[in-house]
Amino acid sequence: MGDITRIATDQRRSRAVVYNGIVFLGGQTADDRTQDIRGQTRQTLAKIDKFLAEAGTDKSRLLTAQIWIKDINNDFAGMNEIWDAWTAPNAASTRATAQCEMGASDVLVEIIVTAAVGKIDA
């Protein structure tokens, strides 16, 4: 068994956990929740990029993603527009997207990803 590395940990949770060559990111949301779905998705993906980099990997190594949207009927297309522009070419992960009652009323999207740690595509 390998060592476990925890990133941005407090009493309740870690933002990322690296174990056995895989990084597991906890749910990420936007900091500026006054933004629309596109703005919140951009901010959320920027946070994901940051935590993936801290773990020694990037979005080209994504394995799976879970995306929760507050209003899938109105915001699915806008979220997908930003997601599609963000994902690395030829590196689509598995993905599930669902409508969800969020923990805070102003959160429009929350994203969890899992990625392999290792060689980063340039």
Exercise. Does ARG95 qualify as being in a strand (DSSP E or B) and either without any contact (Cβ under 8 Å) to a residue 24 or more places away in the chain or over 22 Å from ALA8 (Cβ atoms) (or both)?
Worked result: yes
For this session: Can you work out which of the residues in the stretch 40-70 that are in a loop (DSSP other than H, G, I, E, B) and either open to solvent by 40 Å² or more (accessible area, probe 1.4 Å) or not hydroxyl-bearing (Ser, Thr, Tyr) (or both) is farthest from ALA104 (Cα to Cα)?
Result: GLY56
For this session: Keeping to the stretch 1-21, report how many residues are assigned to a strand (DSSP E or B) and open to solvent by 50 Å² or more (accessible area, probe 1.4 Å).
Result: 7
Problem set entry | Test result for ALA77, under 17 Å from ALA116 (Cα atoms), open to solvent by 30 Å² or more (accessible area, probe 1.4 Å) and part of a helix (DSSP H, G or I) | no
Problem set entry | Condition met for ILE37 (touching a Phe, Trp or Tyr at 6+ places or on another chain (Cβ under 8 Å), over 16 Å from THR114 (Cα atoms) and not hydroxyl-bearing (Ser, Thr, Tyr)) | no
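The values are calculated or read from the model by the stated rules, or taken from the named source; none is laboratory data. Note that the structure is a prediction, hence the values are computed from the model and not measured. Virtual Cβ from ideal backbone geometry, glycine too; neighbours counted across all protein chains shown. Note: areas computed on protein heavy atoms with side chains; ligands, DNA, RNA excluded. Shrake-Rupley method; radii C 1.70, N 1.55, O 1.52, S 1.80 Å.
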